[in-house]
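Take a look at the structure set out below.
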2 protein chains.
Amino acid sequence: MPEPTRHPIQDLYPDDVAHCYGCGHLNERGHRIKSDIEGDETVTRFTPQPHHTAIPGYVYGGLIASLIDCHGTGTAAASGAARAVAADPDGAPLLDESVLDGSVAMPRYVTGKLEVSYRRPTPLGPELELRGRVRERRGRKVVVDITLSAEGVVTAEGTVVAVEMPESLG
Amino acid sequence: MPEPTRHPIQDLYPDDVAHCYGCGHLNERGHRIKSDIEGDETVTRFTPQPHHTAIPGYVYGGLIASLIDCHGTGTAAASGAARAVAADPDGAPLLDESVLDGSVAMPRYVTGKLEVSYRRPTPLGPELELRGRVRERRGRKVVVDITLSAEGVVTAEGTVVAVEMPESLG
C-alpha cells in the first residue's frame, strides 16, 4: 500500500487565503514557510538570506518575529483542523498528523497577539529551526508557544495568540 | 541664519551598524524606515508594497511587527542620545529633537522583547503611520510604546524593550 500523501500545513490553506507574505504558497515574493507536525510539536525550517541582517552577522529581529508569527498561525490552523476531524471535538488532541493527508482544508487563523523574546543574537547563515507547541485551544482561540534555534541553540522564544478568521474581516 | 540640518534617527547610526533589514540606511534591499522626533513622540511613515499581504487586502502582520520593532529601537536610540547630550543625564528629557542635528552619533539599541497586539486588520494600500513614546529609560534599557495607524485608525499597538548594544554580541 503506498504511503499516504503528506502536505505542509500551509499548502492546505484554501487558495483565497494563501497569499500571506510569510507563509502563503501563492505569494511568489514571500517566504513561503512550510510547517510540518511531529507528534505533539510543529516544526519548520528556514534559511535567512544575506540581506536579512540586523547587526552584521546576525538575523534581523523582524524576520524572526515574522517566522514565529506564521509558524504560530500555521500551528493554530493544524490544531483547529485536529478538532474539526475528531469524532469527539471536546476530546480531540491538540495536534493530529492525519490532518496533513489533504482530505480537509485548513481553517485560517489570524494573529491577535504576538510576543517575542530575543534571548541572544541569532547567527546569520545557518538554517533556523522553529518548533511550536499548542498551549491552549479554546473556542476560536489557540495559544502557541514557539522556540527558534540556530545550530541547536535556542535564540528566541515567542507566543502567538491566534484566532480563527471570521467570514469577513471588514 | 540657515536652518540647522536635520537627519532621520537611523541616518545617524554608525556605518558599521547601519545594515538592518528594517532600518539600516546601508541595506539596499531593506525597508530603510526613517524616524523623526516630534515633541515627545517619534514618528515614521511607511507604505507597504502589494506583496506585503496577509489575507488579501490586508497588511502582513510580520511587516507590522518589523516596523514596530525598528521604530522602537530607533526611538530608544534617540532617547539614549538625549541622555548622552544632556548636561545633567539624570534630568535629561526622554526625547530631544536637537540630537537630530548630526553632531552626535546615535547609540545602537537591540530588541530584548517585542509585543504586538493586532487590534483590527490593517488595510493594504494606504501609508501607515507609527508613533512612539518612551515609557521608561533606565540604565541601558528603554521601553517604547508604539501605535500603528492607517487612515487615522489605530490598527496595531506594540511595545519594544530595547537594550543598548554591548561592544560585542558574541
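The values are calculated or read from the model by the stated rules, or taken from the named source; none is laboratory data. None of these values were measured; they are calculated from a predicted model. Cβ placement follows ideal geometry from the backbone for every residue including glycine, while neighbour counts extend to all protein chains displayed.
Listed values, structure above:
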item	result
Qualifying residue in segment B:129-144 (condition: more than 22 Å from A:Gly61 (Cα to Cα), touching a residue at least 12 places away in the same chain (Cβ under 8 Å) and not small (Gly, Ala, Ser))	no
Selected residue (criterion: modelled with the lowest pLDDT) from residues of segment A:1-13 that are in a loop (DSSP other than H, G, I, E, B) and either over 16 Å from the mean Cα position of the chain (by Cα) or of a type in the set (Val, Ile, Thr) (or both)	A:Met1
Of residues in segment A:22-37 being in contact (Cβ under 8 Å) with a residue 40 or more places away in the chain and buried (at least 22 other Cβ atoms within 10 Å of the Cβ), the one farthest from the other protein chains (Cβ to nearest Cβ)	A:Ile37
Candidates A:Gly152, A:Gly112 - the one that is at positive phi and not hydrophobic (A, V, I, L, M, F, W, C)	A:Gly152
Residues (without any contact (Cβ under 8 Å) to a residue 24 or more places away in the chain, under 15 Å from B:His7 (Cα atoms) and in contact with a Lys or Arg (Cβ under 9 Å, 6 or more places away or on another chain)) located in segment B:68-123	B:Ala82
Test: B:Gly125 is surrounded by fewer than 17 Cβ atoms within 10 Å (Cβ to Cβ) and under 30 Å from A:Met165 (Cβ atoms)	yes
Residues satisfying the stated conditions in segment A:1-21, i.e. within 14 Å of chain B (Cβ to nearest Cβ), free of Cβ contacts under 8 Å to residues at least 60 places away in the same chain and surrounded by 12 or more Cβ atoms within 10 Å (Cβ to Cβ)	A:Ala18, A:His19, A:Cys20, A:Tyr21
Search result, residues across segment A:122-151 that are outside any strand (DSSP E or B) and within 16 Å of A:Thr44 (Cβ to Cβ)	A:Thr122, A:Pro126, A:Glu127
Segment B:49-74: number of residues that are over 23 Å from A:Val160 (Cα atoms) and buried (at least 24 other Cβ atoms within 10 Å of the Cβ)	1
Candidate set: segment B:75-116, residues that are among the small types (Gly, Ala, Ser) and within 14 Å of another protein chain (Cβ to nearest Cβ); chosen: the one surrounded by the most Cβ atoms within 10 Å (Cβ to Cβ)	B:Ala76
Checking A:Ser66 against (1) closer than 23 Å to B:Arg32 by Cβ; (2) at pLDDT 95 or above; (3) more than 13 Å from the chain's Cα centre (by Cα); (4) hydroxyl-bearing (Ser, Thr, Tyr), the condition it does not meet	(3)
Failed item in (1) surrounded by 14 or more Cβ atoms within 10 Å (Cβ to Cβ); (2) modelled with pLDDT of 95 or more, with B:Asp40 passing the rest	(1)
